[in-house]
Amino acid sequence: MASRLLWASRAASYLRISAFHRGLSTVIKDLKYADTHEWVKVDGASATIGITDHAQDHLGDVVYVELPEVGVTVAQGKNFGAVESVKATSDVNSPVSGEVVEVNSELVGSPGLVNGSPYENGWIIKVKMSDTGELNSLMDSNQYSKFCEEEDAKH
Amino acid sequence: MRLQRSLEACKFGIINYFDALKLQERLVSDRKSGKILDAILSLQHPPTYTLGKRQTDHNLLVSEADLKTMGAELHYTERGGDITFHGPRQAILYPIVSLRDIGFGARNYVEGLESVMIEVASFYGVNAHAGKTGETGVWVGDRKIGAIGVRISSGITSHGLAFNIDPDLRYFKHIVPCGIPDKGVTSLKRETEMELPPDEVIHEQLIHCFAKVFRFSDIQWKKQ
């Protein structure tokens, strides 16, 4: 058991994933996080946005993703779409403000990508940021991990 | 340390779907801004068909004109789930709660709502159970007795559950309920051997079970 854990944490640090030794959710370093469980990956002025592993785990199997149209404006903290799972639709909020430049149309036919690959193939929208300063109000991976632990402890 | 959490329970009679929707929107907004604490609405609707966010109107088997003739309304909503029917003698609960404060995620919340209906069914000797994956709701055998459709906006819930006490089940013939063909619908009246109390009693039992499942310390009752 000990050697499996050692292997897992070595693999985790190689892949630059920090793994909870207790919980099931993964958190990726170098991403920023909102307290409504969305992540954002920044590349210059471009931001890719999705929901976190913690979020998809708490939602259950996603059966439908409501995507915005390309060209609409999104605002930090405001919802831009929704995901449906087990008879519940949950709003998805944008961690940053800007203009939607791309949406992940794969999610139309394969909404389950949000569950299976929340940080990669399950990305939801790409935004051209209007104010990169907004990133400062988001959490980094360590802060987000702690945030999730505190939330889960309430249950 | 567990904080004391109060649930405000508002009891209505039969109210129109649109009016209930507007009320919920106001309460969700108030809950978001912290103006109010967690609340639950208890009511029934006049004959109403509703669709969820996916707008699966292919599961409506009659035209809108026919619905009007029947005296039923049709509403498109933002909740999860497929098409369903609401009508008199069907108990509706619309909890407006902060999932974050109660420490639940969407999946656990829906499972909690299922357990509320399962428990109340058991009071009447009815052995109900949750559905298989993809068939959310509460079943007796392969007959559906309770349905769930929820919306979560910034962590605040709206819409909720519908529990068949003794509605006119013929209305369900005009839809593919919840998009699941070949499965029937049923009611507490059909499944129990016991005599049922007035609907108000069953509504209160549902609210008590809700408070227990979601760990509220007390209920403040309000009648409208």
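The values are calculated or read from the model by the stated rules, or taken from the named source; none is laboratory data. Note that the structure is predicted; figures quoted are calculated from it, not measured. Reconstructed Cβ throughout: ideal geometry from the backbone, glycine too, with neighbour counts over all protein chains shown.
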* Got at least one residue in the range A:129-145 being under 14 Å from the mean Cα position of the chain (by Cα) and within 14 Å of another protein chain (Cβ to nearest Cβ)? -> no
* To do: Would you mention how many residues in the range B:135-150 are without any contact (Cβ under 8 Å) to a residue 60 or more places away in the chain and of a type in the set (G, A, S)?
  => 3
* **Some residue of the range A:12-27 being surrounded by fewer than 24 Cβ atoms within 10 Å (Cβ to Cβ), at pLDDT 95 or above, in a loop (DSSP other than H, G, I, E, B) and more than 10 Å from chain B (Cβ to nearest Cβ)** => no
* Could you check, for the range B:165-180, whether at least one of its residues is crowded, with 21+ Cβ neighbours inside 10 Å and small (G, A, S)? => no
* Would you call B:G155 surrounded by fewer than 24 Cβ atoms within 10 Å (Cβ to Cβ), in contact with a strand residue (DSSP E or B) (Cβ under 7 Å, 6 or more places away or on another chain) and not charged (D, E, K, R)? -> yes
* Asked: In the range B:106-148, what count of residues is obtained for those that are within 11 Å of another protein chain (Cβ to nearest Cβ) and more than 25 Å from B:L51 (Cβ to Cβ)?
  -> 1
* Report, by residue number, each residue of the range A:45-75 that is within 14 Å of chain B (Cβ to nearest Cβ), farther than 23 Å from B:T77 by Cα and outside any helix (DSSP H, G or I). => A:I51, A:T52, A:A75
* To do: Would you please list the contacts, defined by Cβ atoms under 7 Å and residues six or more apart or on different chains, that run from a residue in the range B:109-120 that is among the acidic types (D, E) to a residue that is in a helix (DSSP H, G or I)?
  => B:E119/B:C209
* If you go through the range B:10-35 one residue at a time, how many are out of contact with any His (no Cβ under 9 Å at 6 or more places or on another chain) and either touching a residue at least 60 places away in the same chain (Cβ under 8 Å) or under 13 Å from B:I92 (Cα atoms) (or both)? -> 8
* Matching strands (runs of 3 or more DSSP E) fully within the range B:5-61 where at least 1 residues are surrounded by 19 or more Cβ atoms within 10 Å (Cβ to Cβ), among the hydroxyl-bearing types (S, T, Y) and under 14 Å from the mean Cα position of the chain (by Cα) -> B:39-44, B:48-51
* Out of all the residues in the range B:131-139, is one or more hydrophobic (A, V, I, L, M, F, W, C), out of contact with any Phe, Trp or Tyr (no Cβ under 7 Å at 6 or more places or on another chain) and surrounded by fewer than 21 Cβ atoms within 10 Å (Cβ to Cβ)? -> no
* Structure fact -> Within the range B:124-142, the count of residues that are closer than 22 Å to B:P197 by Cβ and not in a loop (DSSP other than H, G, I, E, B) comes to 2
* Structure fact -> When the range A:31-88 is checked residue by residue, the ones that are within 16 Å of A:M129 (Cβ to Cβ), charged (D, E, K, R) and either surrounded by 24 or more Cβ atoms within 10 Å (Cβ to Cβ) or at pLDDT 95 or above (or both) are A:K32, A:E38, A:K41
* Structure fact -> Checking B:A121, B:A147, B:A162 in turn, the sole residue that is of a type in the set (A, V, I, L, M) and outside any strand (DSSP E or B) turns out to be B:A121
* Quick one: what pairs do we get from the range A:73-97, first residue free of Cβ contacts under 8 Å to residues at least 40 places away in the same chain, second outside any strand (DSSP E or B) and of a type in the set (D, E), C-beta under 8 Å, 6+ apart or different chains? -> A:A82/B:E78; A:S85/A:D61; A:V86/A:D61; A:T89/B:E78; A:S97/A:D131; A:S97/A:E134
* Go through the residues of the range A:113-125 one by one and say whether even a single one is under 24 Å from B:Q55 (Cα atoms), assigned to a helix (DSSP H, G or I) and away from every other protein chain (no Cβ under 14 Å). => yes
* To do: Residues being assigned to a helix (DSSP H, G or I) and either among the aliphatic types (A, V, I, L, M) or in contact with a Pro (Cβ under 7 Å, 6 or more places away or on another chain) (or both): count how many of those fall in the range B:171-221.
  => 9
* **Unmet requirement for B:P88, which otherwise passes all of (1) assigned to a loop (DSSP other than H, G, I, E, B); (2) in contact with a Ser or Thr (Cβ under 7 Å, 6 or more places away or on another chain); (3) under 23 Å from B:L206 (Cβ atoms)** => (2)
* **Subset of the range A:83-101 that is in a strand (DSSP E or B), out of contact with any Phe, Trp or Tyr (no Cβ under 8 Å at 6 or more places or on another chain) and closer than 24 Å to A:I28 by Cα - its residue that is farthest from the other protein chains (Cβ to nearest Cβ)** => A:V101
